[in-house]
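The block underneath contains the structure these notes are about, expressed in structure tokens.
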């Protein structure tokens, strides 16, 4: 929470820190599973066919590692915090995008969760205020806890 700590005003405190759910690694997990299946399948094939299938399997494993690295970087560079006076959202590293909304401007907090989201405790949050709103914050861990921190004021 480097960004959030750097913008705190005197007397302002951080109530809750939100983060992206581990589900952002979903693509990497799926690719890794596919790569492992290909590598195991290659072991059952004739040698002349096993070699290309094995190389494809290793290629998919490398893609899984790259997808995991990308997901980690997005998760690392995304910050969400509920302070005593504001809702703060920041994403990006070189090109930074931030949205802040004062608590007294918040009118509605919408939480959307799919069945999978309810089971794994992640979802989307949309903070609506007078005249503006914060974009959908997707794949947020514990969205109900964050909503409660916003509406508790």
I'd like the orientation of helix 47-77 relative to the chain: the angle between its Cα long axis and the longest Cα principal axis, in ° from 0 to 90, rounded to 10. 10 degrees
Hull-based mean projected area of region 105-153, where the convex hull spans the alpha carbons, in square nanometres: 3.1 nm²
Ranked highest first by average number of other Cβ atoms within 10 Å, how do 39-46, 62-69, 21-28, 86-93 line up? 86-93, 21-28, 62-69, 39-46
Determine, for each peptide in 2-15, 72-85, 104-117, the mean count of other beta carbons within 10 angstrom over its residues, then list the peptides with the highest first. 72-85, 104-117, 2-15
Taking the chain and counting helices only, DSSP H stretches of n ≥ 4 at -39,500 (n - 2.57) each over all residues, the nearest-500 ellipticity at 222 nm comes to -15000 deg cm²/dmol
Quick calc of log₁₀ I(q)/I(0), the chain, Debye, one scatterer on every Cα, no solvent, q values 0.12 1/Å, result -0.61
Calculate how steeply helix 26-43 sits against the longest principal axis of the alpha-carbon atoms of the chain, using the helix alpha-carbon long axis, and give the answer as 0 to 90 degrees to the nearest 10. 10 degrees
Taking 0.36 nm per residue of separation and subtracting the Cα-Cα distance, what length does fully extending residue 49 through residue 6 add? 9.8 nm
Can you pull the semi-axes for region 25-73, root of five times each eigenvalue of the Cα gyration tensor, sorted largest first, whole Å? 24, 9, 4
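We did not get these values from a lab; they are worked out from the coordinates using the rules stated. In this text the structure is predicted, and so the values were computed from the model without any measurement. All Cβ positions, even for glycine, are placed from backbone atoms using ideal geometry, and neighbour counts span all protein chains on display.
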